[in-house]
Amino acid sequence: MGMSLTLDQISALIRHRRSIKPAGMDPAKPVDRATLMTLLENATWAPTHGMTEPWRFRVFEGLSREGLADTLQRLYRETMPAAEQREDKFAKLRDNVLQAPTVIACWMQRGGVEKIPEVEEIEAVACALQNIMLSASAIGLGSFWSSPPLLETEAFRHWLGIREQDRCVGLIYLGWPKDGATWPVSARRPVTECVTWA
Ligand SMILES: Cc1cc2nc3c(=O)[nH]c(=O)nc-3n(C[C@H](O)[C@H](O)[C@H](O)COP(=O)(O)O)c2cc1C
């Protein structure tokens, strides 16, 4: 059964979604709670094998972003091999968080259903995050998925209060584009290069 959106409309939305870097967001323009709740509820309508609904979210706004920024920088110093540390990356961890009015830590909470492989629970969370980003794009709200390697560290899981078997799959930055900013363009290779017909 179809619904009121046309295929052209959903195609346009999917192709309109872009990663908007936090540097292009206005930190002074908050994302209102009702909008955030709609985005998060849309996330929960992602497919989920075994109905485990493994997605979990912690929303950082206002001052709580300072704690997140401090933690990301501290863990970068503590967990990255010194020879691999780059000052621009260190600075960006803080800047990204403070340039976006809203940052959502998104993790997979491993359920107790043994027959569901871990990767499928991660895949379900990835689908949930796509729902957030599509919903954001629909209203011109910028979104950006970042995945610094330190999200995978025990220290970060501990700080977030999640278990060994859970996986933090990303930080989603949300914010309204700065005044005068243009929505980015991107490109994809022709789909024919990705398809074979049996
Ligand atoms: C799982 C995942 C993790 C990502 N992590 C990062 C990241 O750490 N840093 C980054 O700059 N972009 C990250 N991205 C966003 C990609 O860079 C972006 O989607 C790509 O450049 C295509 O641009 P578009 O989203 O505007 O189409 C991530 C995307 C995915 C799917």
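The values are calculated or read from the model by the stated rules, or taken from the named source; none is laboratory data. As the structure is a computational prediction, the values presented were derived from the model and not from experiment. Every residue, glycine among them, receives a Cβ derived from its backbone with ideal geometry; neighbour counts consider all protein chains shown. These area figures cover heavy atoms from the full protein model, side chains too; ligands, DNA and RNA do not enter into them. Shrake-Rupley method; radii C 1.70, N 1.55, O 1.52, S 1.80 Å.
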| note | Taking Lys and Arg as +1 and Asp and Glu as -1, residues besides Met51 with C-beta under 13 Å from its C-beta add up to -2
| Local electrostatic count, Gly67, Cβ distance below 14 Å [Lys/Arg +1, Asp/Glu -1] | +1
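Taking 0.36 nm per residue of separation and subtracting the Cα-Cα distance, what length does fully extending Arg58 through Ile139 add?
Gain in length upon complete extension: 27.0 nm.
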| remark: the chain -> Rg/Rh from Cα coords, Kirkwood Rh, value 0.99
| query | What FRET efficiency comes out for the pair Val195/Gln9, r = Cβ-Cβ distance, R0 = 22 Å, nearest 0.05? | reply | 0.40
| message | Placing +1 on the Cβ of each Lys and Arg and -1 on the Cβ of each Asp and Glu in the stretch 1-153, which of Gly2, Ala100, Gln73 has its Cα farthest towards the positive end of the resulting dipole? | response | Ala100
| task | Multiply the residue separation of Ala126 and Arg188 by 0.36 nm, subtract the distance between their alpha-carbon atoms, and state the gained length in nm to one decimal. | result | 20.3 nm
| message | I want to check a number: in the chain, how many lysine pairs have alpha carbons closer than 23 Å, given a sequence separation of 8 or more or different chains? | response | 8
| field | Estimated distance in nm for a label pair at Lys115 and His49, the labels positioned 7 Å out from Cα along Cα-to-Cβ | value | 1.2 nm
| Mind checking the dipole of the stretch 20-179: about its Cα centre, +1 per Lys or Arg Cβ, -1 per Asp or Glu Cβ, Debye to the nearest 20? | 280 debye
| request: For the chain, give the percent of accessible area contributed by carbon and sulfur heavy atoms, probe 1.4 Å, rounded to a whole number. | output: 57 percent
| the chain, helix-only ellipticity at 222 nm - DSSP H runs n ≥ 4, -39,500 (n - 2.57), divided by all residues, nearest 500 | -12500 deg cm²/dmol
| Solvent exposure of the stretch 20-179 as accessible area per residue, Å², 1.4 Å probe | 49 Å²
| remark: For the chain, the helices passing both cut-offs (Cα extent along own axis of 27 Å or more, Kyte-Doolittle mean at least 1.0, full DSSP H runs) are none
| Over the chain, relative contact order from alpha-carbon pairs under 8 Å, at least 6 apart, % | 34 percent
| task | Work through the residues other than Pro149 whose Cβ is under 14 Å from its Cβ and net out their charges, Lys, Arg +1 and Asp, Glu -1. | result | +2
